[in-house]
Amino acid sequence: MTAAAERVVDVTHVDELRALEAESVHIIREVVAELERPVLLFSAGKDSIVLLRLAEKAFRPSPVPFPVMHVDTGHNFPEVIEFRDRRLAEAGHRLVVASVQESIDSGRVREVGGPSGSRNRLQTRTLLDALEANKFDAAFGGARRDEERARAKERVLSFRDEFGQWDPRAQRPEPWSLYNGRIKRGEQVRVFPLSNWTELDIWRYIELEQLELPSIYFAHEREVFERDGILLATSEFTSPTEHEQARVETVRYRTVGDLTITGAVRSQATDIAGVIREISAATVSERGETRADDRTSSAAMEDRKREGYF
């Protein structure tokens, strides 16, 4: 490809990204205009980092008019928590931490032990309790339709009943990008401004905006072991059984989550350009390749969403 052709391609990508950006900013502003107490869910993963940047753009030069909430399993990558605290502090955002450990200590949820034990499903109760305690009626999230088929079913504004549950058969139409945010007392709205973005769009936007990411998104050496086809990091929460072998490999992460169920991928991509090249050639979605919780059944995500999961 000639230099001139590359410039044409780049301009096309920029135009596409700015169109997606404008759509997302419009959604964020519409929700703030219609709902009383929104909150933005922030995991310090790439999607929520992009979502936070879009929220900042939506209200510049004024501050973002809602807090940021992290549902914290307590089983996090240290690099991610360090980034979360620094990014939000530097921008002056108010952080609300909803703790799964506190839900366990109070008896709201019960932890399952063993090699396959994970706190991921426990997040649902913690999230619902935090939304109710803070009287949040709308929660922005970074889910995209290309991630998983249950998420592909969901509207941009996803309505939840007074118990926080989702019914995929009872969703409101959104013709011509018109969004109806009217809810009854006790109901909630989950809002997905990145619905129409792809993983590749996210990375190209990160490159365009020069957004900082946690270091685990780029190739680095880490001690891992393979379980059910997924490379899990050895840590105080995860360790190989007698039938599994730990070894140091060069890996990166495509998605950020609870480290007990989030797998790494072998990679040599040390910068954004390298990651984009790898994603362009990928044939498996990020969740399909790296999230153990989505492999429990073909309807695992939809089951959790019906219960109130984001």
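The values are calculated or read from the model by the stated rules, or taken from the named source; none is laboratory data. Since the model is a prediction, treat every value here as computed from it, not as a measurement. Reconstructed Cβ throughout: ideal geometry from the backbone, glycine too, with neighbour counts over all protein chains shown. For accessibility, only protein heavy atoms count, side chains too; no ligands or nucleic acids. Shrake-Rupley method; radii C 1.70, N 1.55, O 1.52, S 1.80 Å.
Values for this structure:
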read-out: Given (1) over 23 Å from Glu30 (Cα atoms); (2) open to solvent by 40 Å² or more (accessible area, probe 1.4 Å), index of the condition Lys57 fails; value: (1)
read-out: Those residues of region 68-83 which are without any contact (Cβ under 8 Å) to a residue 60 or more places away in the chain, part of a helix (DSSP H, G or I) and open to solvent by less than 70 Å² (accessible area, probe 1.4 Å), in sequence order; value: Ile81
read-out: Single unsatisfied condition, Glu249 versus (1) of a type in the set (D, E, K, R); (2) in a loop (DSSP other than H, G, I, E, B); (3) over 22 Å from Thr73 (Cβ atoms); value: (2)
read-out: Long-range neighbours under 7 Å by Cβ, at least six apart or interchain, first residue under 24 Å from Ser24 (Cα atoms) within region 156-170, second in a loop (DSSP other than H, G, I, E, B) and modelled with pLDDT of 80 or more; value: Val156/Phe192; Val156/Ser195; Ser158/Phe192
read-out: Neighbours by Cβ (under 6 Å, 6+ apart or cross-chain): first from region 209-233, of a type in the set (Lys, Arg); second open to solvent by less than 30 Å² (accessible area, probe 1.4 Å) and outside any helix (DSSP H, G or I); value: Arg222/Ala233; Arg222/Val251
read-out: Single unsatisfied condition, Arg247 versus (1) open to solvent by 50 Å² or more (accessible area, probe 1.4 Å); (2) closer than 30 Å to Asp167 by Cα; (3) touching a strand residue (DSSP E or B) at 6+ places or on another chain (Cβ under 9 Å); value: (2)
read-out: Residue in region 250-283 that is least open to solvent (accessible area, probe 1.4 Å), counting only those that are basic (Lys, Arg) and farther than 19 Å from Asp146 by Cβ; value: Arg252
read-out: Asp228 being at pLDDT below 90, over 30 Å from Ala170 (Cα atoms), open to solvent by less than 10 Å² (accessible area, probe 1.4 Å) and not β-branched (Val, Ile, Thr); value: no
read-out: Selection from region 202-225 of residues that are open to solvent by 10 Å² or more (accessible area, probe 1.4 Å) and either in contact with a Gly (Cβ under 8 Å, 6 or more places away or on another chain) or of a type outside the set (D, E, K, R) (or both); value: Leu208, Gln210, Leu211, Leu213, Ser215, Phe218, Ala219, His220
read-out: Residue within region 176-190 that is under 23 Å from Asp85 (Cβ atoms) and in contact (Cβ under 8 Å) with a residue 60 or more places away in the chain present; value: no
read-out: Test: Arg108 is basic (Lys, Arg), on the phi < 0 side of the Ramachandran plot, open to solvent by 10 Å² or more (accessible area, probe 1.4 Å) and at pLDDT 95 or above; value: no
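Matching residues to (1) over 16 Å from the mean Cα position of the chain (by Cα); (2) assigned to a helix (DSSP H, G or I):
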site	(1), (2)
Arg29	yes, yes
Ala33	yes, yes
Asp47	no, yes
Leu51	no, yes
Phe66	yes, no
Gln101	yes, yes
